[in-house]
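Step one of this worksheet: look at the structure below.
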């Protein structure tokens, strides 16, 4: 199943423009709500969540300047040193928007622990989305939504993904990830 350009949403295009910059410099994954939206679930969201590998300030500065050139701006600061030292280095996320347009926004954070590293190691392109992005695995998304997040919306998201991937889910992987969530986060 592939999408034609005419089927692209504002979120798709925003994410594509952002990914095109980031992927030149580091590995990334798209996680959380946008994963289910990209799989056809109707769900309101104004942000996309991205985790990137832990990188040093110099690489981040290159990414930041290239994002600015591509028409993005960071809400927290224009100074890449401030963004890196005061936010990213301390495991806090930052938000980027298209210049002068408040929504949508990209919430960007560095990988902070083994689970984030594992998500990046096991990242996948998900053909059913029609998007040429790396996402965290379906099993990872289900495990996080069922084990950690647990809101009504997250449980419904997990059910949506389970319905789409019912014949290909690795339940052992989901349980392994849930165990790691309990061990690492909870």
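The values are calculated or read from the model by the stated rules, or taken from the named source; none is laboratory data. From a predicted model like this one, the values you see are computed outputs, not experimental measurements. With ideal geometry, Cβ positions are generated from the backbone for all residues, glycine too; neighbour counts draw on all protein chains shown.
Would you confirm whether or not the range 31-42 contains a residue that is in contact with a strand residue (DSSP E or B) (Cβ under 7 Å, 6 or more places away or on another chain), modelled with pLDDT of 90 or more, part of a strand (DSSP E or B) and closer than 24 Å to residue 152 by Cα?
Checked the range 31-42: at least one residue is in contact with a strand residue (DSSP E or B) (Cβ under 7 Å, 6 or more places away or on another chain), modelled with pLDDT of 90 or more, part of a strand (DSSP E or B) and closer than 24 Å to residue 152 by Cα.
In this structure, is residue 87 touching a strand residue (DSSP E or B) at 6+ places or on another chain (Cβ under 8 Å) and farther than 21 Å from residue 37 by Cβ?
Judged against the criteria, residue 87 is a match.
What number of residues in the range 8-23 are free of Cβ contacts under 8 Å to residues at least 24 places away in the same chain and assigned to a helix (DSSP H, G or I)?
Total meeting the criteria: 1.
Got a sec? Which of 66, 105 is in a strand (DSSP E or B) and surrounded by 15 or more Cβ atoms within 10 Å (Cβ to Cβ)?
Answer to the check: 105.
Given the conditions (1) surrounded by fewer than 20 Cβ atoms within 10 Å (Cβ to Cβ); (2) in contact with a strand residue (DSSP E or B) (Cβ under 9 Å, 6 or more places away or on another chain); (3) within 19 Å of residue 136 (Cα to Cα), and given that residue 15 satisfies all but one, which numbered condition is not satisfied?
(1)
Which pairs have Cβ atoms under 9 Å, sit 6 or more apart or on different chains, and link a residue in the range 166-177 that is under 22 Å from residue 128 (Cα atoms) to one that is modelled with pLDDT under 95 and exposed (fewer than 13 other Cβ atoms within 10 Å of the Cβ)?
Close Cβ pairs (under 9 Å, with a partner that is modelled with pLDDT under 95 and exposed (fewer than 13 other Cβ atoms within 10 Å of the Cβ)) do not exist here.
Can you tell me which of 137, 151 is in contact with a strand residue (DSSP E or B) (Cβ under 6 Å, 6 or more places away or on another chain) and either modelled with pLDDT of 95 or more or surrounded by fewer than 22 Cβ atoms within 10 Å (Cβ to Cβ) (or both)?
Checking each option against the conditions leaves just 137.
With the requirement that a residue be under 20 Å from the mean Cα position of the chain (by Cα), in a helix (DSSP H, G or I) and either in contact (Cβ under 8 Å) with a residue 60 or more places away in the chain or surrounded by 16 or more Cβ atoms within 10 Å (Cβ to Cβ) (or both), what does the range 69-102 give you?
83, 84, 88
Give the residues of the range 41-63 that are under 17 Å from the mean Cα position of the chain (by Cα), free of Cβ contacts under 8 Å to residues at least 60 places away in the same chain and over 17 Å from residue 116 (Cβ atoms), sorted by residue number.
44, 45, 46, 63
Of everything in the range 162-186, what is modelled with pLDDT of 95 or more and either outside any helix (DSSP H, G or I) or crowded, with 20+ Cβ neighbours inside 10 Å (or both)? Give them in sequence order.
165, 166, 167, 168, 169, 170, 174, 177
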